[in-house]
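Peer 1: My structure is below; once you've seen it, I'll send some questions.
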Amino acid sequence: MTGTVKSAAAIGGGVIGGGWIARFLLNGYDVKVFDPHPQAERLVGEVLANAERAYRKLTLAPMAPKGKLSFVSSIEEAVCDADYVQESVPERLDLKRKVYAEIERHAKESTLIGSSTSGFKPTELIEGLATPERLFVAHPFNPVYLLPVVEVVPGQTSPDNLDRAKSFLTAIGMKPLVVRKEIDAHIADRLLEAVWREGLWLIHDGVATTEEIDDVIRFGFGLRWAQMGLFETYRIAGGEAGMRHFMSQFGPALKWPWTKLMDVPDLTDDLIDIIAAQSDAQSGKHSIRELERIRDDNLVAIMQALKGNDWGAGALLKEYESTLYANAHSHARPPTVDPGKPLALHADRVREDWVDYNGHMTESRYLQVFGDATDAFLHFIGMNKHYLASGRSLYTVETHIRHLREVKMGAPLRVETLLLGFDQKRVRIVHELYGGPQDELLATGEHMLLHVDTTKSAASPMDLSLSIKLGEVWKHHRHLEVPAYAGKPVREIMMESAAAS
Ligand SMILES: NC(=O)c1ccc[n+]([C@@H]2O[C@H](COP(=O)([O-])OP(=O)(O)OC[C@H]3O[C@@H](n4cnc5c(N)ncnc54)[C@H](O)[C@@H]3O)[C@@H](O)[C@H]2O)c1
C-alpha cells in the first residue's frame, strides 16, 4: 500500500459513505465506521455486496485481501487510530463543522480528513479548526467504488498532506483531480446543475418527459461524454478547422440564448408529481438495488471497452490493474529460492463466478490461474513495469494444460512452479495447481515463453538482470525431479495410456 495510510475511518455510511467504505475495503484497507442510523450495517452491507459483484466483473487482476470492517459507536472510536478519515454526513454546514471538531479532538496529528461535500468550499468547512492543514474536500461520484474521479479541493491544506491524500486516493484506484480554486459546488456539480435545471424546464414547459431527456443523453451525447468529455468532442465537431471554427460557428448562439440560464422553475407539488410519475413510468419496474446493478454492469462494460482502447477511464483501469499485479506478486515474493522445492508464488480461491453448470471451476479459469501464476513468476525474476516500459517482455507462445480433478466454488488454490530450462530468448516452466479440501493435484500447466522486443514484435535476447535471476532459480531447480508428463505431446500421452489399458 502506498503512502503512509494504512487504515481508514468513515463518518457517515449512507449512499456516498457506503461507496467509500466499499472502495477502502476492497483495496485492502481496514475501515471503522460511525453512523448513528439504526440500519447502518444493513445498508452498508448492501452497498458492499453490489461493489464486490461489480469488482468481480471489472477486473481479473488479483485484488488485495479485503480489509476488516467494524462498526463503532462514536466518532472517537472510529478515528483514534485511523490514518485517513472520510466524512460523508448530510450536506449541512453546522453538522459538518461539529463532526470535524470531534474528529480533530480524537484523531492523530498526521490523520488526513477528506470531506465528501458536494457544494461547500474548504474555507467554509475549516472554520474553528485548530489544524486546518489536514482537511480538504474529496468529492466523489456515485457509485464511489466504480467511478474513478474525485475532486480534491485544498483550503489551507499543507502541500505534504495534499500529496499524501493524492497518493492514497490513487492507490485505491481513483483519479484525484485537484481543483485550482475553491468555488461553490467545485467543477462537476456546476456542470450537472446547469443540465439538470434545463431538464426541469423542458419538463415544466411540456417539451419532454424524463425518459425522452434521458434518451437524448444515453443514445447521444452521453456516449461521447464518457470517452472524450465536452471540449475534445467540440474540437472534432469543428471539422478540420477544429476548436476555432466550432467557437465561431456556435459561440454567437450562446447569446440568443437557447437555455433558461439561471432561472429555476418553481418546484411546485404539481411539477414534482409530474416528474415522479414520469420517472415511475420510466423505471418503476426495477427496484433501486436492481437499477444500481444494471448501472454498475453498464459502467463496467464501458470501462472495459475503453481499456481495450487505452483511453480515459479505461487507461486508468489498465494502470490500476498493473499495480494490483505488482502488489500481489511482491507480497507473495519469498525472500530466496527454497533449495529443495518448487517456487510457491501464487495462491487464490475458486470465485463464485468461476464455476460452470456442474458447480465446478470452469475450464478457462484453469488457464487464468496458470496465467496469474506465470505473471507472479515473471515478476519474481524481475519483469516489472519498468522492464515492460523499456519495450521488452516475455510472451507465452505454447501452453499444455492437463485437467486432473474438479474443484468446487470457494476452494483454496495454490500453485507450485518449476523452471524446466531457459536460454537467452526462451523460458520453459511447469505449474502444478493444488487445492480443494485435501489439497490434491488438480491440474498441471506447462508453458513456453519467448522474450520479445515489443516495439518490433520480434524475439530478442533478455536483459542480463533476468538471466541472472533465472540462473539463481536454475541452480536449485535443475536438481529437482522433472515431472514425467513434462514435454510430452497429447498424442504420446494417449498412446501410453492406450498401451497401459
Ligand atoms: N448522493 C450523491 O450523489 C452525492 C455525491 C457526492 C457527494 N455527496 C455528498 O456526500 C455527503 C453525504 O451524502 P449522501 O448522499 O451519502 O447522504 P445520505 O443521507 O445517504 O447519508 C448520510 C449518512 O450520514 C449519517 N449521519 C447523519 N448524522 C451523522 C453524524 N453526526 N455522524 C455520522 N453519520 C451521520 C446518516 O445516518 C446517513 O447514513 C453529502 O455531503 C453530499 O453532499 C453526495
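The values are calculated or read from the model by the stated rules, or taken from the named source; none is laboratory data. From a predicted model like this one, the values you see are computed outputs, not experimental measurements. Every residue, glycine among them, receives a Cβ derived from its backbone with ideal geometry; neighbour counts consider all protein chains shown. Please note that ligands, DNA and RNA were not included when accessible areas were found on the heavy atoms of the full protein model with its side chains. Shrake-Rupley method; radii C 1.70, N 1.55, O 1.52, S 1.80 Å.
Peer 1: With unit charges on the beta carbons (Lys and Arg positive, Asp and Glu negative) and the dipole taken about the Cα centre of the stretch 188-285, which residue among 236, 279, 262 sits farthest to the positive side?
Peer 2: Checking the options against the dipole of the stretch 188-285, the answer is 236.
Peer 1: What FRET efficiency would be calculated for the residue pair residue 268, residue 93, taking the C-beta separation as r and a Förster radius of 35 Å, to the nearest 0.05?
Peer 2: 0.80
Peer 1: Leaving out ligands, DNA and RNA, what percent of the accessible area of the stretch 333-500 is carbon and sulfur, probe 1.4 Å? Mind showing how you got there, number by number?
Peer 2: Details: 4910 of 9130 Å².
Heavy-atom surface of the stretch 333-500 belonging to carbon and sulfur, 1.4 Å probe: 54 percent.
Peer 1: Looking at the stretch 435-489, which GluC sites (Glu not before Pro) are in a loop (DSSP not H, G, I, E or B) and have at most 15 other Cβ atoms within 10 Å?
Peer 2: Qualifying residues, ordered by number: 481.
Peer 1: Please tell me the relative contact order of the stretch 83-178 in percent, rounded to the nearest whole number, where contacts are Cα pairs under 8 Å and at least six residues apart. Don't jump to the answer; show the numbers that get you there.
Peer 2: Numbers: 150 pairs, mean separation 22.6, N = 96.
After rounding, I find 24 percent.
Peer 1: As a test of the definition: which semi-axes, in Å, follow for the stretch 188-285 when you take the square root of five times each eigenvalue of its alpha carbon gyration tensor? Largest first, please.
Peer 2: 30, 17, 10
Peer 1: With respect to the cross-link table entries 66/475; 385/425; 98/121; 121/166, which display a Cα-Cα separation exceeding 26 Å? Let's see the in-between values first.
Peer 2: Values: 66/475 37 Å; 385/425 19 Å; 98/121 16 Å; 121/166 18 Å.
From 66/475; 385/425; 98/121; 121/166, over 26 Å: 66/475.
Peer 1: Here is a follow-up. Contact order normalised by length for the chain, with contacts defined as Cα pairs under 8 Å and 6 or more residues apart; what percent is it?
Peer 2: Normalised by residue count, the contact order of the chain is 10 percent.
Peer 1: While we're looking at this one, here's another question. Calculate the FRET efficiency for residue 389 and residue 142 from the Cβ-Cβ distance with a Förster distance of 30 Å, rounded to the nearest 0.05.
Peer 2: After rounding to 0.05, the efficiency reads 0.30.
Peer 1: Using alpha carbons only, how many angstrom separate the centre of the stretch 261-329 from the centre of the stretch 31-48?
Peer 2: 22
Peer 1: With charges set only on the Cβ (+1 for Lys and Arg, -1 for Asp and Glu), what does the dipole of the chain come to about its Cα centre, in debye to the nearest 20? Intermediate values should be presented prior to the final figure.
Peer 2: Working: 56 positive and 68 negative charges, 350 e Å.
Dipole magnitude for the chain comes out near 1680 debye.
Peer 1: Same structure again: Hey, if you put +1 on the Cβ of every Lys and Arg and -1 on every Asp and Glu Cβ in the stretch 125-205, which of 142, 162, 196 ends up farthest toward the positive end of that dipole?
Peer 2: 162
Peer 1: Could you work out how much longer the chain between residue 453 and residue 281 gets when fully extended? Use 0.36 nm per residue separation minus the Cα distance between them, nm to one decimal.
Peer 2: Net length gain for the segment: 56.2 nm.
Peer 1: Would you mind getting the accessible area per residue of the chain, heavy atoms of the protein chains only, 1.4 Å probe, in Å²?
Peer 2: Numbers: 26770 Å² over 501 residues.
I get 53 Å² per residue for the chain.
Peer 1: For the chain, count all C-alpha to C-alpha pairs, find those more than 29 Å apart, and express that count as a whole percent of the total.
Peer 2: Every Cα pair in the chain considered, those over 29 Å come to 62 percent.
Peer 1: Count neighbours as other Cβ atoms within 10 Å of each site's Cβ, and list the trypsin sites (Lys or Arg not before Pro) in the stretch 433-501 that are DSSP loop with at most 15 such neighbours.
Peer 2: Filter output for the stretch 433-501: 456, 478.
Peer 1: Return an integer: the convex hull volume of the alpha-carbon atoms of the stretch 7-178, in Å³ per residue.
Peer 2: Cα convex hull per residue, to the nearest whole number: 96 Å³.
Peer 1: Have a look at 373, 443, 411 and report the one farthest towards the positive end of the charge dipole of the stretch 355-497, computed about the Cα centre with Cβ charges (Lys/Arg +1, Asp/Glu -1).
Peer 2: Positive-most Cα among the choices belongs to 373.
Peer 1: Using DSSP to call loops (not H, G, I, E or B), can you name the chymotrypsin sites (Phe, Trp or Tyr not before Pro) in the stretch 368-458 whose Cβ has at most 10 other Cβ atoms within 10 angstrom?
Peer 2: Details: sites: 370, 377, 380, 387, 395, 422, 434; in loops: none.
Filter output for the stretch 368-458: empty list.
Peer 1: Now for a separate question. Give, rounded to the nearest 20 debye, the magnitude of the charge dipole that the stretch 240-363 has about its Cα centre when Lys and Arg contribute +1 at Cβ and Asp and Glu contribute -1 at Cβ.
Peer 2: I would put it at about 580 debye.
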